[in-house]
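Values quoted throughout were computed directly from the atomic coordinates according to the rules given, and no laboratory measurement underlies them. All figures in this text were calculated on a predicted structure; none of them were measured in a lab. We place every Cβ from the backbone using ideal geometry, glycine too, and count neighbours over all the protein chains shown.
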Amino acid sequence: MYIKNPKWLLSAFLFMLCISAINAQTTVRGVVSDENNQLLPIVNVLEIGTNNGATTDFDGNFEIKVTNKNAVLEFSFIGYKTQTVVVGDQENLNVILTEDVSQLEEVVIVGYGSVKKSDLTGSVSSVDMKNLPSKPANSIDGLLQGQVAGVQVTSSSDDPGAGATIRIRGGSSLNGGNDPLVVVDGFPIGYAGDLKQISPQDIASMEVLKDASASAIYGSRGANGVIMITTKKGSKHKTEISVSQQTTFSEFTSELNLWRDPVLMAQISNESRINGGFTPLYIGANDPNGVYYPSVTELRNGTWTTNTKWDDIVFRAPISNNTNVAIRNQTDKTQFSLSTTYFTNQGVYIEDDYKKLNINLNVVHKIYNDKATVGTNVIYSKGNKNNNGGLAYWRNPIFPVYNGTDDYYLIGNQDYSHPIALTEKRSNQNNFKDFIGSAFIDVQLLPSLKLKTQLNHKFGSSITDYYNPKIYTEDGNFNNGSGGINNWESSETVAESFLTFSKTYNDIHDFSAMGGFSYQYYQSRSSDLKAYDFLNESLGNGNLSAGNPDQQSVANSFTETVMYSGLGRLNYTYKSKYLATFTMRADGSSKFGANNRWAYFPSGALGWKMHQEEFIKELDIFNELKLRSSYGISGNQGISPYLINSRYGQDQYYVNGRFQTTIGPGYVIGQDAQSGKKSWGGIPNPDLKWETTSQFNIGADFAFFNRALKVTFDYYNKYTTDLLRERLLSPSSSYDRMWVNDGEIENQGVELTIDANIINKTDWGISGTLMLSKNKNKVVSLGNAVSSGLNTDALTGMKYEFSGSQVEAFRAVPNILAVGQPINVFYGYKVDGIIQSNAEGLAAGLTGDLAQPGEFKYVDLNEDGVIDQDDRTIIGNPNPDFIASLNLQGRYKKFDISLFFNGSFGQDIFNTKAFGEPSNQPLRWTQDNTTNNYPSLRDGRNLSMSDWFIENGSFLRLQNLSVGYKLDNLSTSGITNGRVFINGTNLFTLTNFKGYDPEVGTDGIYWGGYPKLRNWTIGVELTF
Amino acid sequence: MKNTLTIRKELKKMNIKKIILGITLAIGIVSCESLDVEPKGFYSDQNFYKTVDDAEAATLYAYDALTLVSYAPVTFYLTELATDNCSVKPDEGADAQAFVNWEVSSQNELLTQFYRSIYIAINRANAVIENIPGKGFNQEDERRLMGEALFLRAFNHFNAVKAFGLAPIQKSLIDELNETTASLPNDMQEMYAFIIEDLTTAIDYLEINRVTGRADKVAAQALLSKVYLFAASAKESGVPKYNALTESVDNLYAKAAEYSGYVLNNQGEYAHDTNIQNIYNSEMPNGPEHIFILSLDRTGTQEGDYSKLSKYFIPYISGANVYLKNTDDSFSKTHDGWSVFQTNDDLYNSYEPTDKRRTELIVSEVFNEAGTSIGTVADETIIYPFTRKYVDPNFEGDKTSTRPYLIRYSDIQLVYAEATANTDGLIQYNQIRNRAGIDELADLGGLSKADFRDLVVQERQRELAFEGDRLWDLRRKNIVQANVTEAAGLSPEAVAFFPIPQREIDLNPNIN
């Protein structure tokens, strides 16, 4: 080699030196995956004996510089066995971590933190999101039916945009609300029932906190359990676009029970009116309102031919649609997700439509060398509902739709139920907008200490526009046209900050502590404008000032509440075997008086992972065996604010030629729709305090056969005291009711979940989940009988009060709250068949019309020879004995199938339509048909609440069936993943209940109406 | 540990102190608000009774209680149905039938509503009485409003004693739980002493100042005369519990005469209206007769603001509008009604055939717009002859301005006649008969005071029929059993007082 330039040589030398210097620190790269070739992110990589470390990125890649070939690398990751590798000559390492079955993989979100599922001491259930029915849904609530043991979901309405009722471990409150709290990404947004702001497609996971150990951290709002929702974040290191489209076609599950034969209808009507002592209607003459009713003969011989099928005019086969498009991405520093959902929902009634647009933006970004994370989640949704429900599908078929060509045919001059007239002339539309936003910063102050601060804001508004025209509506007719606008908006701010400390001492003492505080401010306001007496109706409510200026009315309201809280949790684990958790929350709320403003909600739980013990390991049966038990106190403050303040009423009195505003003590807190009778309140109770629920829970988790069979069992006892209720006051006080803390309710039950991975082959597999829950509730006390004005059952001395709404046909309230009984049992007479002779009726203690043949034979329970109120007793229980669900999943190659059965057993239903419908009226008692099953027809009969109307409401339903086909290997088209599917809900129901559907509200009253819908959804999900 | 060191360095870089300071500050700012939240959307004791306008509105709220649907119409179930004046529509509820049949139990819902409404009105009056003094309002306003509130408190307590006998006396505003269990007064003396004291003070405070729908000095004098008359006649006729009154019967009559005398002689605002039609003209609530009339107007938006009294008294006539013939042969339009309060034949027949109160104020024939008769009582189109006292020709749908006549001048004339039972009284008595177009009573010859008083009470039935006074007359004269068939054979206690509602007994440990 001829060297011309020594400088160059020197440089080269230095360069070589450098390289060798670098070489001395070998760089090792590699990929970490699990046994299924899933790449593992954030695995810790540490060169043993040094402080030199690294972590894998989201594709499992790592890179670490080691000093020499003898370096040993340690790979550790939660849920996996730690592995060590000698570097040697390798520069590329493929490390496979094996699952550590002793450490369950799952991490569950709990209040103010997360915990390894295996370390849970409380009763927390995760919802398996892939088991939820794939159908367009306004909110997640209704889809949760049967998904979690101990959670009862009732969706008794098919109305567009309707919510569902969720009860976790039964109802523990009478007036304070029974809906669980919902927390979305750490933001307690309110109570379940109508989570319309969150699109189901945007939800990544859901956890249900059931026992006090889990829910008491939410203190005064935790008594009904808590639902934790985590929304989807970006999680792949590439831009991923996913599209899902679902379209649902719905139909009634059964025929409508309406009059199809006008002759029979007329005969039945005439018979009923004659028996009742009234002039029959169908006699070929005008009724008192001047409406001509044809005679039965006219109907029979075809003189009168009109037979309108009103249900065909009023109902439609509704189609609903849900489209979701999401873009998600993740880089080393940033997770990003933007999702938008458009949902349309048709009601069964024509023009009863619901639409909603939902946008969800989620960004998480790491700063300061990944030692801090900032993020935001913003959800905006807006929608509207055109209310056109409740149209008269039951209208008399002998009358036509139109009178001549395009005049509506009205039955008399006070006909307010013409469905087409209402659809075309009446307007009622609701527009809503919701915003939920949160921003957080999460700072790793020290390796063992983290600070998280989150600011949340929620805003909701709703505007209802309506106009009731002059002729076709009662309100409009009475007021010569009436229209209005109802405005409502609410906002809520929650600021929370908490520190989390966690550290392991001597490898056996795992210790973590969390402490923080929370501030919540809520405000809502409303304004209602109403005008009457419109000259020109063409604008509807568009120009309310065109109404009569003397009759315009306005009303508005404003409420606000403030709450401060301090909270904390301690977790301690010894040798990964023995677990202990303690939580504490202190809440102070402006809803309560100075004397009882602050309340404290402690809880404690213990767990024992027995499968870690040698003596259990030796048995070689259990993969998991964990016992856990908890006790704690949570609260309920679900009452309106200002009950600690006196509240004056307002009215007007006509003086000096005009109405003048009047104000003073006593304001109207309720008005009976039927009688117009007002209830008066407004007397303050400065001693009002929180409802308190103490809950004991004991449970166990088992896993067998390499975790192919998992069983979870829980027993609980919830005891609620200081029930927030309105006690009655003596009339001489001038008030009817006052809010007090009085009464006790107990709920106890068991929950069992069996999860079985029955067959798991490469090509095919079967798995299933069975859930059983049984809850028994009991009203222990309704407070002091004297002070609460309870009724006394004449037969047993049982104390009770009526609860809920009156059934018009009976002029009575079916449900009672009775001491020693479950909530809402039915109360009334017993019936022993039908009276066949007047003598039999009189002998039974009945008199007058009620003793006639064909009447109900009420039972003289107290045997005093007279049927009166004292013969009433408990005649049914609307609470189920147990609820059960079975979810079966199967897969074969690219096909998947899931079947979901849901059932509720042992509950009674009060069937208000058990007699009086076209289907059962012809079965009536007559002189020729002396049946013992149905009474005679008699208009004006005073029906009494009786067990004759009680039916067994048990049912088993094929709630959901879904068949899908996986699309993959479509990489040429850019599609990385996809699935097409067909999904059916409410496919068939096994029940003895005679009404349309046994799924009724928690009070067990069946009101009739129309059948439930069966829904067929076709859908496709694609990821690009 | 190197890791820790690195982190610490990082922390220094990002200046963690600043961050923590920022967060603390942010939360500190939002946390500054207190847990005491003042109500902003409604009035309460914290923000009311600040000005004289507040006090005015509070006083009107007390008047407004008298218009409650649970009070104004319900009064007639007691005072007309439980007497020989009216019976009730057959398919009206059992609670209404009970008044006709004198089977009113403590569970009777109408009775309970009446009772409760009395105390709603009293509490509203007490709110004024308790909150006005000491607020520094001008003396004139304070005396006027206090006087009206005292009048209303007495008016309602008087209703309580007439209906229930011994019933709770509420002397102060109830706004705490421990004030909600009142006791019964010891005896009638305590009851009447309280009412009389309120009215005496009210008379002192009030001036003569007519405002339709409100009470003034004359109304307070008139009411006090009625209170004394009730006490006098009840004690005289041996109504249970009235023996406890310390004043003698004669003194009580004298007081009744004194206060009714002030009404007749010491003021020029109110007077005997010689035109009987005017009294019941719904456009003339400010007529000379109306010492105290409830104020309702058809332009109101809910019942209680407007009145449906017409619907109660007018029979159902096929749901149509009908026309009533006036004395000048013109016609007045009205809606038909619900046939709730149905005129008894005995009442109708108690009028002489020429009595204008029968010929002009009771309707037996209705017409159409063209003035053609469309039906009569005789042909059963109209199921009973009905009163014209509650007809509003300018009705709007069900909404009318028909008003309960709470205190009429004629009433006080008859109070005076009864109380004095002398020739002065006879003049007043004859003025009433004269207006009705029937014979006057020439003199008192041959009539004892008691005889004449009985005549006055009979005249009161005819003059004040359908006006909510009959039961009280029957009770204070202890003649319920004699006049009401359904009450014959009942005990003196049972006819003198309705039972205290069961709801009160159940909920109030101090009453049983």
Just to confirm the number: angle between the C-alpha axis of helix A:6-23 and the first principal axis of chain A, 0 to 90 degrees, nearest 10? 50
I need the fraction of alpha carbon pairs in the stretch A:36-181 separated by more than 18 Å, rounded to a whole percent. 71
Please list the radius of gyration and Dmax for the stretch B:416-459, considering alpha-carbon atoms only, with Å as the unit. 9.3, 25
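Given C-alpha coordinates of the stretch B:33-133, what is the ratio Rg to Rh with the Kirkwood estimate of Rh?
1.19
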Of all DSSP beta bridges with both partners in chain A, the antiparallel percent, nearest 5, is 95
P(r) weight above 18 Å for the stretch A:656-746, C-alpha pairs, percent: 68
Report the rotationally averaged projected area of chain A based on its alpha-carbon convex hull, in square nanometres. 56.1
Among A:Leu729, A:Asn362, B:Pro385, whose Cα lies farthest out toward the positive end of the dipole of the protein assembly as shown, if unit charges sit on the beta carbon of Lys, Arg (+1) and Asp, Glu (-1)? A:Asn362
Taking the alpha-carbon set of the stretch B:119-206, what are its Rg and Dmax in Å? 13.2, 38
For chain A, the longest stretch holding no trypsin sites (Lys or Arg not before Pro) located in a DSSP loop with at most 10 other Cβ atoms within 10 Å is which? A:5-760
Beyond 15 Å, the calculated P(r) of the stretch A:250-314 holds a percent of Cα-Cα pairs equal to 59
Using the Cα atoms of the stretch B:309-402, I'd like the radius of gyration and the largest Cα-Cα distance, Dmax, both in angstrom. 12.3, 35
For A:Lys776 and A:Arg260, what does the FRET efficiency come to when R0 = 35 Å and r is the distance between their Cβ atoms, rounded to the nearest 0.05? 0.20
What's log10 of I(q)/I(0) for the stretch A:107-238 at q = 0.09, 0.10, 0.20 Å⁻¹, Debye sum over Cα points only, no solvent? -0.24, -0.30, -1.22
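Using Cα pairs under 8 angstrom and six or more residues apart, how large is the relative contact order of chain A, in percent?
Answer for chain A is 9 percent.
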Beyond 25 Å between alpha-carbons counts as too far, so tell me which of A:Lys65/A:Lys333; A:Lys355/A:Lys913; A:Lys117/A:Lys577; B:Lys255/B:Lys477; B:Lys89/B:Lys333; A:Lys626/A:Lys761 fall in that bin. A:Lys355/A:Lys913; A:Lys626/A:Lys761
extent check for chain B: Cα max minus min per principal axis, descending, whole Å, gives 123, 60, 46
Taking the alpha-carbon centre of each part, the distance from the stretch A:435-488 to the stretch A:956-1024 in Å is 30
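Just counting partner chain Cβ atoms within 10 Å, what average do the residues of peptide B:502-511 show around their Cβ? Mind dumping the intermediate values first?
Working: counts 1, 7, 5, 2, 10, 12, 8, 4, 2, 2.
The shielding value for this peptide is 5.
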The stretch B:366-494: equivalent-ellipsoid semi-axes (sqrt of 5 x gyration tensor eigenvalues, Cα, Å): 32, 21, 16
Under 5 Å between amide H atoms, partner at least 5 residues away or on a different chain: which partners does A:Asn815 have, H built in plane at 1.01 Å? A:Ser803
Within the stretch B:395-454, report the GluC sites (Glu not before Pro) that DSSP leaves as loop and that have at most 16 other Cβ atoms within 10 Å. B:Glu440
Distance between the C-alpha centers of the stretch A:324-394 and the stretch A:247-279? Whole Å please. 44
Assign unit charges at the C-beta atoms only (+1 for Lys and Arg, -1 for Asp and Glu), then state the dipole size of the stretch A:840-924 relative to its Cα centre in Debye, rounded to the nearest 20. 1160
Shape verdict for the stretch A:529-668, please, from the Cα gyration tensor: rounded (a/c under 1.5), prolate (a/b greater than b/c) or oblate. prolate
Given an 8 Å cut-off on Cα distances and at least 6 residues of separation, report the relative contact order of chain B as a percent. 18
How high is the FRET efficiency from A:Asp507 to A:Tyr600, r the C-beta distance, R0 51 Å, rounded to 0.05? 0.90
Give the distance, in whole Å, between the Cα centre of the stretch A:928-947 and the Cα centre of the stretch B:213-252. 55
How large is the Rg to Rh ratio of the stretch A:21-97 when both quantities use alpha carbon positions and Rh follows Kirkwood? 0.95
Select from the stretch B:70-115 those GluC sites (Glu not before Pro) which occupy a DSSP coil region and have at most 15 other Cβ atoms within 10 Å, ordered by residue number. B:Glu103
Computed [θ] at 222 nm, helices only, for chain A once each DSSP H run of length n ≥ 4 contributes -39500 (n - 2.57): -2000 deg cm²/dmol
Taking Cα atoms only, helix A:262-275 is inclined relative to the longest principal axis of chain A by an angle, in degrees rounded to 10, of 60
Please compute the Kirkwood hydrodynamic radius of the stretch B:212-298 from all pairs of different C-alpha atoms, in Å with one decimal. 14.5
